[in-house]
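The next block holds one structure in the form of structure tokens; read it before the comments.
The values are calculated or read from the model by the stated rules, or taken from the named source; none is laboratory data. Bear in mind that the values here come from a model prediction, so they are computed numbers and not experimental data. Glycine also receives a Cβ, built like all others from the backbone with ideal geometry; neighbour counts cover every protein chain displayed.
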Amino acid sequence: MNYYGTTVVRDVNIRGRTCKRFPIVATAGGEVLLEVMRYLISCVAQGSAESGLITYAAHLRDFHEQLRVDQMHVRGVTLDFLNRYKAAIKERASAPYAGQVLRTVLAYLHYLEGRGAICGVIGETDEYQVTITRTRSGGISHNLAADSASPKSNYVPSDKSVQTIKRFGPAGPVHRERFELMLDWAHVKGLRAMELCGLTCAQIPSWPAINAALSDDRTLELRLLVTKGQRERNVDVHPLLLSRTRKWIEADRPKVNRAARRRAEKAGRPYATTDALFQSSTTGEAITPKALSNMVRSAFKAAVASGELMEDQRVWTHGLRKVMVNREVKSRPRSERRPPERAVMQQTGHGSLASLGHYVVDSQ
């Protein structure tokens with residue numbers, strides 16, 4: 001087909017947010033698909049990651065390619081067309097990929113319907129060509145998007161599995177404590193890996209503040225500075241977790257810092273001090289999200305090898321965030337004025353109920 005191409009524009013300011021890579025879908029003659037562009041801008045406003053925008057653009061380019069081959073306008077999309085389109089993708093790719101493309105297409109069509117760009121194509125009653133339902137968290141559900149889930153998408157690690165892999169973390173009491181503390185920040189507060197690795201010592205409250213919060217039985221507010229989409233937010237943190245973290249700063253982190261300094265001196269390279277909370281004894285800098293992911297994976301594989309866990313009792317870094325989302329959504333009181341999903345969104349930094357909904361497992 002190849003009627004359309006994708007051009008990536010760099011450093012675009014969208015509603016106050018700098019998007020380093022923004023995809024534009026256009027014809028060879030330079031005619032931009034404006035509705036696709038507007039949809040992607042709305043995704044940015046809702047907090048979508050830049051990598052997600054590239055994926056959505058690829059899906060929607062493929063969709064518009066098929067419309068052009070069939071000589072159809074998006075206003076004329078029918079359920080029969082979408083079923084045939086999904087079957088064609090499955091034949092040339094795979095069922096999961098077909099489900100992922102159709103999930104993007106349904107969200108795009110719903111956006112167009114909401115803007116009045118199309119009429120009668122997609123909605124929540126049988127008057128529409130494609131009748132959708134809403135998930136508990138506000139997302140769109142339809143059989144066309146079936147098979148789009150990854151093996152992890154309908155699974156939440158158990159608290160027991162999370163506690164188990166702690167015993168198989170890095171060797172040595174200092175590195176073990178750092179590993180367990182990082183797991184707890186992710187497991188209890190649902191921080192993304194980049195947010196967790198971006199924490200600094202200066203962000204952790206002082207002992208007087210922590211002790212006062214413990215005495216009053218209240219949480220303390222912590223400002224996250226490194227976040228997805230560069231949108232700072234506040235999270236409520238229990239003083240017990242802050243107390244453990246403050247102890248780490250004063251007792252164990254200096255040992256990591258000294259080890260990093262000795263390594264740098266031995267290698268003959270300059271050593272720059274850092275305020276990173278979770279410092280690497282190898283580089284002297286903040287532990288990277290990739291390094292954290294590798295530590296969690298290694299601990300899980302070791303737990304499986306020892307017989308403590310089974311292969312299907314998966315624990316992975318982002319899965320810890322998923323644990324927190326499901327725990328909070330299901331434990332908070334539900335009311336029409338403020339459903340629990342709204343409160344959890346503020347804590348997790350999700351831009352929309354739909355994006356939060358990818359984490360919520362209804363069957364749990």
Enumeration of residues in the range 110-140 that are more than 23 Å from the chain's Cα centre (by Cα), surrounded by 15 or more Cβ atoms within 10 Å (Cβ to Cβ) and closer than 15 Å to R75 by Cα: L112, E113, A117, I118, V121, I122, G123, Y128, Q129, V130
Hits in the range 160-183 - residues which are among the small types (G, A, S) and in contact with a helix residue (DSSP H, G or I) (Cβ under 9 Å, 6 or more places away or on another chain): S161, G169
Answer from V36, V44 - the residue that is touching a residue at least 24 places away in the same chain (Cβ under 8 Å), over 20 Å from the mean Cα position of the chain (by Cα), outside the structural domain of I118 (by TED's automatic domain parsing) and not in a loop (DSSP other than H, G, I, E, B): V36
Evaluation of I41 against (1) surrounded by 11 or more Cβ atoms within 10 Å (Cβ to Cβ); (2) more than 30 Å from E232 (Cα to Cα); (3) out of contact with any helix residue (DSSP H, G or I) (no Cβ under 9 Å at 6 or more places or on another chain) (one fails), failing number: (2)
Residues of the range 73-92 classified as more than 27 Å from the chain's Cα centre (by Cα), without any contact (Cβ under 8 Å) to a residue 40 or more places away in the chain and either closer than 15 Å to G139 by Cα or assigned to a helix (DSSP H, G or I) (or both), total: 9
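Let's see how each residue does on (1) in contact (Cβ under 8 Å) with a residue 24 or more places away in the chain; (2) assigned to a loop (DSSP other than H, G, I, E, B):
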residue	(1), (2)
A107	yes, no
E113	no, no
D126	no, yes
W185	yes, no
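This table checks each residue for (1) β-branched (V, I, T); (2) touching a strand residue (DSSP E or B) at 6+ places or on another chain (Cβ under 8 Å).
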{"site": "M182", "(1), (2)": "no, no"}
{"site": "M194", "(1), (2)": "no, no"}
{"site": "C197", "(1), (2)": "no, yes"}
{"site": "T200", "(1), (2)": "yes, yes"}
{"site": "D217", "(1), (2)": "no, no"}
{"site": "K228", "(1), (2)": "no, no"}
{"site": "R231", "(1), (2)": "no, yes"}
{"site": "E250", "(1), (2)": "no, no"}
R192 being within 30 Å of A260 (Cβ to Cβ) and of a type outside the set (F, W, Y): yes
Residue within the range 93-105 that is aromatic (F, W, Y), assigned to a helix (DSSP H, G or I) and either within 18 Å of E35 (Cβ to Cβ) or touching a His at 6+ places or on another chain (Cβ under 9 Å) (or both) present: no
Residue match in the range 162-178 (condition: small (G, A, S), touching a residue at least 60 places away in the same chain (Cβ under 8 Å) and assigned to a helix (DSSP H, G or I)): no
Sole exception among (1) more than 18 Å from C197 (Cα to Cα); (2) of a type outside the set (S, T, N, Q); (3) touching a residue at least 24 places away in the same chain (Cβ under 8 Å); (4) surrounded by fewer than 18 Cβ atoms within 10 Å (Cβ to Cβ) for V325, by number: (4)
Answer from R15, R10, R21 - the residue that is of a type in the set (D, E, K, R), over 24 Å from H110 (Cβ atoms) and exposed (fewer than 13 other Cβ atoms within 10 Å of the Cβ): R10
